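Chemist: Below: one structure in structure tokens.
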Amino acid sequence: MTYVQEDILPYDSATPKGQQVERMFDAIAHSYDKLNHWLSLGIDRRWRQKSIDALRSLPHRTILDLATGTGDFALLAQRRLLPESIMACDLSENMMQIGREKVKKAGLEEVIFFKREDGMKLSFSNETFDAVTIAYGVRNYQDLDQGLREIHRVLRPGGHAVILELTAPHRQPMRSLFWLYSHAIMPTIGRLISKDRSAYRYLPATMEAFPQGEVMVNILSKAGFSNVKFKRFTFGLSTMYLAAK
């Protein structure tokens with residue numbers, strides 16, 4: 001099935017979405033961390049913590065962190081869960097290079113490893129990881145169903161996926177406030193700081209189009225997951241999904 005956000009592209013070209021997403025994040029890597037926390041007023045840190053903590057009582061000895069970007073979610077998982085190893089993967093080498101520097105500074109090079117991977121066709125064997133985490137990444141997938149099937153494939157039986165995604169509030173007045181913020185303020189600030197005119201128009205557009213709540217639960221179930229749950233944060237600005245294999 002094709003979902004609306006899959007047809008939203010960072011740049012107006014015939015290049016496949018995955019390549020455009022890689023190009024976009026390579027271009028904004030230098031300013032991504034600053035903008036990410038600033039544009040969310042720092043609230044995203046709390047969303048990340050709550051999502052990682054959902055794995056505390058579940059198997060998490062080996063973790064795959066997809067769409068790792070600059071490694072913040074992987075580093076948080078290491079601090080709060082103390083797994084044996086985390087494989088942090090992304091399409092963007094520029095983003096991961098910043099992540100490698102963070103990991104080196106933290107002295108965690110023997111625990112957190114980086115590798116360029118396409119979420120549509122992961123190179124890992126079946127049933128490799130206890131847990132898969134992905135923050136703010138699945139809405140950029142070229143094929144959401146395929147990406148979720150890949151996550152399910154590399155999970156061990158009894159393993160869990162934690163997906164944290166930005167979402168658009170449906171209730172007023174937050175819906176109107178979000179529209180103003182995402183369509184006027186976010187693109188302006190993003191363009192001024194990152195120098196990329198397209199990225200911060202693309203990102204809110206995918207937030208609005210991405211399947212939410214019960215719809216996403218059904219999509220995860222169709223990909224093979226069971227016992228799928230979700231929790232909305234901060235009036236629906238972000239949503240966490242927890243799904244079992």
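Chemist: Given the conditions (1) more than 27 Å from D33 (Cβ to Cβ); (2) surrounded by 20 or more Cβ atoms within 10 Å (Cβ to Cβ), and given that A135 satisfies all but one, which numbered condition is not satisfied?
Modeler: Among (1) more than 27 Å from D33 (Cβ to Cβ); (2) surrounded by 20 or more Cβ atoms within 10 Å (Cβ to Cβ), the lone unmet condition for A135 is (1).
Chemist: Another question, then. Among the residues of the stretch 1-22 satisfying the criterion of being surrounded by fewer than 16 Cβ atoms within 10 Å (Cβ to Cβ) and among the β-branched types (V, I, T), which is nearest to A205 (Cα to Cα)?
Modeler: Per the stated criteria, the residue is V4.
Chemist: Right, next: Give R46, R80, R56 a once-over and let me know the one that is over 22 Å from I151 (Cβ atoms) and modelled with pLDDT of 90 or more.
Modeler: R46
Chemist: Would you check which residues across the stretch 50-98 are among the small types (G, A, S) and within 15 Å of the chain's Cα centre (by Cα) and list them?
Modeler: Within the stretch 50-98, S51, A67, G69, G71, A74, A77, A88, S92 qualify.
Chemist: How about the stretch 217-241: which of its residues are assigned to a helix (DSSP H, G or I) and without any contact (Cβ under 8 Å) to a residue 40 or more places away in the chain?
Modeler: Hits for the stretch 217-241 are V217, N218, S221.
Chemist: Of all residues in the stretch 49-68, how many are farther than 13 Å from F113 by Cα and either surrounded by 22 or more Cβ atoms within 10 Å (Cβ to Cβ) or of a type in the set (A, V, I, L, M, F, W, C) (or both)?
Modeler: Going through the stretch 49-68 one residue at a time, the tally reaches 7.
Chemist: Same structure, new question: Go through the stretch 74-108 and report how many residues are hydroxyl-bearing (S, T, Y) and either in contact with a Pro (Cβ under 7 Å, 6 or more places away or on another chain) or surrounded by fewer than 16 Cβ atoms within 10 Å (Cβ to Cβ) (or both).
Modeler: 1
Chemist: Where in the stretch 1-119 are the helices (runs of 4 or more DSSP H), entirely inside, with at least 2 residues that are free of Cβ contacts under 8 Å to residues at least 24 places away in the same chain?
Modeler: So the answer is 17-39, 93-106.
Chemist: On to the next question. Given the structure, is T206 at pLDDT below 95, over 14 Å from the mean Cα position of the chain (by Cα) and of a type in the set (S, T, Y)?
Modeler: Against the criterion (at pLDDT below 95, over 14 Å from the mean Cα position of the chain (by Cα) and of a type in the set (S, T, Y)), T206 does not qualify.
Chemist: Of the residues in the stretch 164-188, how many are in contact with a helix residue (DSSP H, G or I) (Cβ under 7 Å, 6 or more places away or on another chain), at pLDDT below 75 and either within 28 Å of D65 (Cα to Cα) or exposed (fewer than 15 other Cβ atoms within 10 Å of the Cβ) (or both)?
Modeler: Adding up the residues that qualify gives 4.
Chemist: Test V111 against the criterion of being touching a Pro at 6+ places or on another chain (Cβ under 8 Å) and under 26 Å from W47 (Cβ atoms), and give yes or no.
Modeler: When the stated conditions are applied, V111 passes them.
Chemist: Kindly list the number of the only condition in (1) at pLDDT 95 or above; (2) touching a Gly at 6+ places or on another chain (Cβ under 6 Å); (3) under 30 Å from N227 (Cα atoms); (4) not basic (K, R) that fails for G99.
Modeler: (3)
Chemist: For the stretch 130-186, name all the residues that are free of Cβ contacts under 8 Å to residues at least 60 places away in the same chain and assigned to a loop (DSSP other than H, G, I, E, B).
Modeler: Q172, P173
The values are calculated or read from the model by the stated rules, or taken from the named source; none is laboratory data. Since we're looking at a predicted model, the values are computed, not measured. Positions of Cβ are backbone-derived with ideal geometry, glycine not excepted, and every protein chain shown enters the neighbour counts.
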